[in-house]
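Report on the following structure.
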Amino acid sequence: MTRASGERVGAVAGVGFTAFERQSSQSILSLALEACEAAIDDAGLARTDVDGIVSYSLLNDSVPVQAVATGLGVPMLTYGVDLSLGGQAPCFLVGEAARAVEAGAASAVLVFRALKGRSGGRVGRMPFPGLGTPYRYPIGYSAYPMYVGMWGNRFLHETGQGAEDMAAVVIEQRNYARLNDRAVRRQPMTVDEYMESAFVVEPYRRPDCTIEVDGACAVLVTTLGRARDLRHRPAVVAGSRYLLGRRSGLDMGDHLLWDDYTRNYTSHLADGLFGDAGVTRRDVDVAEIYDCFSTTVLMGLEGLGFVGRGESGQFIRSGETRLDGSLPTNTHGGLLAEGYLHGMNSVAEAVMQVQGRAGERQVAGADVAVATSGALMDGSALVLVGDR
């Protein structure tokens, strides 16, 4: 962890949330401002300290960073990014914010996600334009759960896993959500209740699908030297990676060109990620793995190398992802239970775990956290390390 010793290395100093609701009365701009203001206050800084803001949106479902800068009363931005990505973006943008402060392009950068994902445009029902649209829509291949479902089915088939393994993901994350006041789905679930729930798109039943919400989440990134003088233990950005796999990006449905549906981007960036951070997989204390659908947790655990091929479901069923297990995972309840903010809240949870302030769901002695963003061909990941 040699990078963590540098004063100018990037570190997350604060996090901020709004409530996660099914129908918010606030505008998206108001939600963004609330979360950003909370992150600034949480870090112990003032709005006038902010000189960088970055965010992302999917099919124009959010607000530009310029509007947020104006709403916050930021004197001047020296670094601003509006990225056209969805759940692949959070870890990527936190990594870019860290690089910006390391390079001196900015001194305090907000990374936020704000949307009305429940009362506004819902991802599961959004039309996704692209070169394949004229071919996909006439045959009814039009919804995001269908695209991920193809991967999920193939992954389960090739690895010999099934509904019991998906149920384990849902059940364990619901147990975490019971400890999280922000979570939308806090009711526990049994295997029988899971099996009795209705299918949405095979292999996914309703509990396997993320819960869309209206809300916002933000983190504040500054230099490690500055963060040491602020309110909380700095969460050092020790490593970050983004990967776009070969033959991707032409269309939301262009995964038809992908060589192996049983592996997503995590399999391809894992070694570089841990190498950048100077840690091994055994060093990781807590994992926040992107979970728009339950199979992406199974795929992420295997792709990152925490378990072998086809072993992720049994790993979860045996209790290893619980608070007292070897790798507590998705400790906020994940996107399946806390709410779908396209993964920004999973990064914030990783920060709070490293800072030691996750309340009842705090992992004892958490010093190294990994987070991932994205489900299929492209995505990003972070390693956060508590400052010693």
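The values are calculated or read from the model by the stated rules, or taken from the named source; none is laboratory data. As the structure is a computational prediction, the values presented were derived from the model and not from experiment. Using ideal geometry, Cβ is built from the backbone for each residue, glycine included, and neighbour counts are taken over all protein chains shown. Side chains are part of the model used for accessible areas, which takes the heavy atoms of the whole protein and leaves out ligands, DNA and RNA. Shrake-Rupley method; radii C 1.70, N 1.55, O 1.52, S 1.80 Å.
Relative contact order of the chain: what whole-number percent is it, with Cα pairs under 8 angstrom and at least 6 residues apart?
Values: 951 pairs, mean separation 99.3, N = 388.
It comes to 26 percent, rounded to a whole number.
Would you check the accessible area of E7, probe 1.4 Å, heavy atoms only, in square angstrom rounded to 10?
100 Å²
Please work out the average accessible area per residue across region 259-300, using the 1.4 Å probe convention, and give it in Å². Kindly include the intermediate steps, with their values, before the conclusion.
Working: 1320 Å² over 42 residues.
Per residue, region 259-300 has 31 Å² of solvent-accessible surface.
Picking from G160, G245, G225, which is most flexible by a Gaussian network model of the chain using Cα springs under 10 Å?
G160
Classify region 180-306 from the C-alpha gyration tensor, please: rounded if a/c falls under 1.5, else prolate or oblate depending on whether a/b exceeds b/c.
Oblate shape, in that a/c is at least 1.5 and b/c is the bigger or equal ratio.
Can you tell me the relative contact order of region 16-75? Whole percent, Cα pairs under 8 Å, sequence separation 6 or more.
Values: 48 pairs, mean separation 22.7, N = 60.
Reported relative contact order: 38 percent.
Please work out how much length the chain gains when fully extended from E158 to T70, using 0.36 nm per residue of separation minus the C-alpha to C-alpha distance, in nm with one decimal.
Values: separation 88, 0.36 × 88 = 31.68 nm, distance 5.10 nm.
Here the segment from E158 to T70 would lengthen by 26.6 nm.
Output needed for region 234-365: three equivalent-ellipsoid semi-axes, defined as square roots of 5 times the C-alpha gyration tensor eigenvalues, in descending order, whole Å.
Values: eigenvalues 122, 55, 51 Å².
Semi-axes from the Cα gyration tensor: 25, 17, 16 Å.
Please pull out the direction-averaged projected area of the chain, using the convex hull of its alpha-carbon atoms, in nm² to one decimal place. Walk me through the intermediate numbers first.
Working: hull surface 68.1 nm².
Averaged projected hull area, Cα only: 17.0 nm².
When DSSP beta bridges are limited to those with both residues in region 264-388, what percentage is antiparallel, rounded to the nearest 5?
Taking every DSSP beta bridge with both residues in region 264-388, the antiparallel ones total about 60 percent.
Would you give the gap between the C-alpha center of region 143-211 and the C-alpha center of region 348-388, rounded to a whole Å?
Answer, in whole Å: 22.
Return one number: the angle in degrees, 0 to 90 and rounded to the nearest 10, between the long axis of the Cα atoms of helix 89-103 and the longest principal axis of the Cα atoms of the chain.
Long axis of 89-103 versus the principal axis of the chain: about 30 degrees.
What does the charge dipole of the chain about its Cα centre add up to, to the nearest 20 debye, if the Cβ of each Lys and Arg holds +1 and the Cβ of each Asp and Glu holds -1? Write out the running numbers ahead of the final one.
Details: 35 positive and 45 negative charges, 56 e Å.
So the magnitude is around 260 debye.
When the solvent-accessible surface of protein heavy atoms is calculated with a 1.4 angstrom probe, in what order do M299, M146, M76, M189 fall, highest first? Walk me through the numbers on the way to the answer.
Values: M299 10, M146 55, M76 135, M189 35 Å².
Heavy-atom accessible area, descending, gives M76, M146, M189, M299.
Could you report region 102-252's accessible area per residue, 1.4 Å probe, as an integer in Å²?
Numbers: 6530 Å² over 151 residues.
In whole numbers, region 102-252 has 43 Å² accessible per residue.
Counting helices only, and only those DSSP H runs with n ≥ 4, report the 222 nm mean residue ellipticity of the chain as the sum of -39,500 (n - 2.57) divided by its residues, in deg cm²/dmol to the nearest 500.
Numbers: 13 runs with 129 residues, N = 388.
Value at 222 nm, helices only, nearest 500: -9500 deg cm²/dmol.
Compare D51, D61, D324 in a GNM of the chain, Cα atoms joined below 10 Å, and give the one with the largest fluctuation.
D324
With all protein chains present, calculate the accessible area of S62 using a 1.4 Å probe and round the result to the nearest 10 Å².
30 Å²
Can you give me the relative contact order of region 269-331 as a percent, contacts being Cα pairs under 8 Å and 6 or more apart?
Details: 54 pairs, mean separation 20.6, N = 63.
Rounded, it is 33 percent for region 269-331.
Quick one: accessible area per residue over region 1-61, 1.4 Å probe, rounded to a whole number of Å²? Can you show the working numbers first?
Values: 2530 Å² over 61 residues.
Normalised by residue count, the accessible surface of region 1-61 is 41 Å².
Any chance you could look up the accessible area of T280 with a 1.4 Å probe, heavy atoms only, rounded to 10 Å²?
Its accessible surface works out to 80 Å², give or take rounding.
Rounded to the nearest 5, what % of the DSSP beta bridges within the chain are antiparallel ones? Please report the intermediate quantities before stating the final value.
Working: 37 of 52 bridges.
Close to 70 percent.
Between D229 and Q314, what length in nm is gained on full extension when 0.36 nm per residue of separation is reduced by their alpha carbon distance?
On the way: separation 85, 0.36 × 85 = 30.60 nm, distance 4.34 nm.
Once the chain is fully extended between D229 and Q314, it gains 26.3 nm.
Roll a 1.4 angstrom probe over the protein heavy atoms and tell me the percent of accessible area of the chain that is carbon or sulfur. Display every interim value, and only then the final one.
Details: 7090 of 14270 Å².
Of all accessible area on the chain, carbon and sulfur atoms account for 50 percent.
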